[in-house]
Amino acid sequence: MGRMLWLILFSVNAVAVPVTVDIKSNKNLPVFQTVVYLEPTSGTPPVPAVDKVSVLDQVDRQFVPHILPIQKGSSVVFPNSDSIQHHVYSFSPAKQFELKLYRDSKVEPLLFETDGEVELGCNVHDWMLAYIWVVDTPYFAKTSQDGVVVIDVPVGHYTLKVWHPRIQDDLESLSQNVNINQPSVIEIKLQKELLQDLSFYQQRTDKLTDYND
Amino acid sequence: MARHDVSQCAIITHVLLSVIIGWSVTITAAANEIGGMAQIYLIDSDDLQSYQNQGTGILRHDENGVGIQQALLYANIDLTSDLTLDAVANYYPDGEQHLGFSQLALNYKPLSPDKIKFKGRVGFFYPRLSLENVDKGWLSPYTYTQSAINSWVGEEMRTLGLELSLYSPGRARRSPWSWEVTGGLFQGNDPLGTLISWRGFAMHDRQSLNNDRVQFAPYSTVIDPDFIWHPNYVEPFHELDQRWGFYLGAHLNYFNQSALRYYYYDNQADPLSVNRQRLYGWRTKFHSLSAQHKFTSQTRLISQWMSGSTVMGLSYVFVDFDAWYLMLSHTIAEHRISLRYDRFIVSEDDIFPTDPNSSDGYGLTLAWRYDITDKWQIGVEQHMNKNTAQNRVLLNLPIDANQHQTLLVTQFRW
């Protein structure tokens, strides 16, 4: 009997339930590329990091993607799709490293074992910048252009968190405990102004920019 | 004294070559970025004799035919994480030095988490005045015949010394504005100013190499032992007085859309210094302001203005010079079309009116360049200029010249 009950409970927990999160700025505009993640609190067993390798490429003198969420304990590989050298580095406490990425060279993936923000730069192209946001949960994704993301999670209790480099609101104040037992829609409205959008850096970059700096 | 004996550039070249060889045994091929570029031209040239052939024409070529426009190898060799050896070696079939370095420098750019960072370089390199010469080997990706300003920079100016910079990339500060302040100290550029004073501004893409000599016409007042007594050539990279020249510069960028660069340059040469070849020190000072704005990712406007003066001897020659250009460049798929207007003026105010040094002119250059593949490019350029040089009377030539040339260029890079 006890074994049967455990199986039933496990089956209920294993059912994926969609959680829709809609993030709006204080001006009611969608916030694109916000990392949304749900950290299990109780009732949901922690899931170990899968053996996953994410990709952060260098394309046309830019990092692609600009924001990369990954699960703690997973790895990131840094290919170089450009025909010129890059020198990727991070001074962030969550992961400090430097990688020289030569034309046609291949480097081993890097393991990210601490959650938090990893800000990347390139010592050759000073305008290049990207973020890896390391989360301690397998349930994460980025919002699309409409500021919405859908994440499938097992039924259970979670702490919903969001992150974006332009968000000035206190991240703790934006996090909330949620009990997910059915498809849910959660709206988050930012209180503070977003920091300036700097994506224009990517729109006027070309191969002739190399020699300028 | 032979010119090879006195060139400090030859010394620095040997020192840096030793560094290359010393490090090359410890670095792997993966730590290098080595490549090259070659351009073959077919030209319908102007027939006014080129300054390179001791004429008064301000273009590089004066004969129809086929030849090598550019041939260069570049190397960026990582010596440590922060230190890179950057070199550009060129071959030119024309001119006096056919094989040599146009740039050879150690670049130090340490990684730093600071918002204001430091970098420096030492060696033989260009001060970064130009927003036109942004391709490998300081070439222009826009036109083959470069602006009058940067034709002069390429043939007569180089920093043999040290440059230190503070810079602040805007994106890391969450700002659209990036800035840099820079300063250089150098030796070995005392004859700078000779060419624009006697020949005037020229328009070409022939960069002087590390120990080069540039010819110009044998103006009687210049070569006369009883008058100025100077050879009708200059070897621009000599140190004659052991005085340090300097430059100060400031860069300001808005995103990657707009760029502004200001430089003040003073070679501090002693105008009374002279060597056994009778090459003089020319005290040359100028302001340079460069700007670029990209209207869209396809269309950009580039401009540069330079204003300065140079003096040699006891004001044997003293000229003010002013030059500017405006260039519009547009890409359609793999095609780039560039149109540039140049204006250049040299005005004399010296003690020898019988050695006339005033010159001026304008140029119009239209180029189409098509990237067939990543490696192959083909292009056509039409150039015309109208220039006046008062000292042509010394050679019984008309002072005015209208020059035209058409270039067809095939480029291969690897």
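Coordinate-derived values only; no laboratory data. Just so it is clear, the model here is predicted, and its values are computed rather than measured. Glycine also receives a Cβ, built like all others from the backbone with ideal geometry; neighbour counts cover every protein chain displayed.
Of all beta bridges DSSP finds with both residues in the range A:48-136, what is the antiparallel percent, to the nearest 5? Walk me through the intermediate numbers first.
Numbers: 18 of 26 bridges.
In the range A:48-136, approximately 70 percent of DSSP beta bridges are antiparallel ones.
Rounded to the nearest 0.05, what FRET efficiency is calculated for A:S81 and B:D400 with R0 set to 51 Å and r the Cβ-Cβ distance? That gives a FRET efficiency of 0.45.
With K and R counted +1 and D and E -1, the other residues having a Cβ less than 13 Å from that of A:S90 yield a net charge of -2.
Per-residue 3J(HN,Hα) values for the range B:335-352, derived from phi via the Karplus relation 6.51 cos²θ - 1.76 cosθ + 1.60 with θ = phi - 60°, read 9, 10, 10, 10, 10, 10, 10, 10, 9, 8, 9, 10, 10, 8, 7, 10, 8, 10 Hz in sequence order (x marks Gly and Pro). Across peptide B:170-178, the mean count of Cβ atoms from other chains lying within 10 Å of each residue's own Cβ comes to 4.
Quickly rank B:223-235, A:67-79 as a protection proxy: mean count of other C-beta atoms within 10 Å, highest first. Walk me through the numbers on the way to the answer.
On the way: B:223-235: 16.8, A:67-79: 18.5.
With the highest mean Cβ count within 10 Å placed first, the list reads A:67-79, B:223-235.
Taking the number of Cβ atoms within 10 Å of each Cβ as an exposure proxy, the fewest-first ranking of B:E155, B:E348, B:E381, A:E113 is A:E113, B:E348, B:E381, B:E155. The mean number of Cβ atoms from other chains found within 10 Å of a Cβ in peptide A:198-208 is 6, as a whole number.
Order of B:369-375, B:195-201 by packing, highest average Cβ count within 10 Å first?
Ranked by mean Cβ neighbours within 10 Å, highest first: B:195-201, B:369-375.
From the alpha carbon centroid of the range B:312-347 to that of the range B:209-261 is 16 Å.
From its DSSP helices (H runs of at least four residues, each -39,500 (n - 2.57)), chain B gives a residue-normalised ellipticity at 222 nm of -2500 deg cm²/dmol. Mean separation of Cα pairs under 8 Å and 6 or more residues apart, divided by the residue count, gives the range A:51-94 a relative contact order of 44 percent. For the peptides A:191-203, B:242-254, B:353-365, the ranking by mean Cβ contacts within 10 Å, running from highest to lowest, is B:353-365, B:242-254, A:191-203.
For chain B, relative contact order (Cα pairs under 8 Å, six or more residues apart, normalised by length) works out to 15 percent. Here B:D349 and B:W244 are evaluated by their C-beta separation; at R0 = 25 Å the FRET efficiency comes out at 0.40.
Counted residue by residue at 0.36 nm each, then reduced by the alpha carbon distance between them, the extension gain from B:I223 to B:H287 reaches 20.0 nm. Extension gain, A:L171 to A:D60, is 36.7 nm, computed as 0.36 nm per intervening residue step minus the present C-alpha separation. The simple Förster model, with R0 at 30 Å and r as the Cβ-Cβ distance, assigns A:T159 and B:W177 a FRET efficiency of 0.20.
Kindly flag which residue pairs out of A:K161/A:K192; A:K95/A:K189; A:K207/B:K375; A:K100/B:K136; A:K100/B:K117; A:K72/A:K161 have an alpha-carbon separation exceeding 22 Å in this structure. Write down the numbers at each step before the final one.
Details: A:K161/A:K192 17 Å; A:K95/A:K189 31 Å; A:K207/B:K375 14 Å; A:K100/B:K136 20 Å; A:K100/B:K117 19 Å; A:K72/A:K161 15 Å.
Beyond 22 Å between Cα atoms: A:K95/A:K189.
The label-point distance for B:Y262 and A:D136, in a model that sets each label 7 Å from Cα toward Cβ, rounds to 5.2 nm. Label-to-label distance, B:L164 versus B:W376, with points set 7 angstrom from Cα along the beta-carbon direction: 5.0 nm.
By other beta-carbon atoms within 10 Å, ranking B:D62, A:D51 with the fewest at the front produces A:D51, B:D62.
Would you mind giving the mean number of other chain beta-carbons within 10 Å of the Cβ of each residue in A:74-84, as a whole number? Don't skip to the end; give the middle numbers.
Details: counts 0, 0, 0, 0, 0, 0, 0, 0, 0, 5, 4.
For this peptide, the per-residue mean of nearby foreign Cβ atoms is 1.
Once both labels are positioned 7 Å from their Cα atoms along Cα-to-Cβ, the gap between A:Q203 and A:E98 label points is 3.4 nm. Between the Cα long axis of helix A:2-14 and the first principal axis of chain A there is an angle of about 40°, rounded to the nearest 10. Between B:I332 and B:L314, the contour length at 0.36 nm per residue exceeds the alpha carbon distance by 1.1 nm. The aspartates and glutamates whose alpha-carbon is closer than 16 Å to the alpha-carbon of A:K106, local same-chain residues fewer than 8 away aside, are A:D57, A:D82, A:E98, B:E33.
Computed from the Cα positions only, the extents of the protein assembly as shown along the three principal axes stand at 119, 46, 42 Å, in decreasing order. Counted by Cβ distance under 15 Å from B:Q298, the other residues give a net charge of +2, where Lys and Arg count +1 and Asp and Glu count -1.
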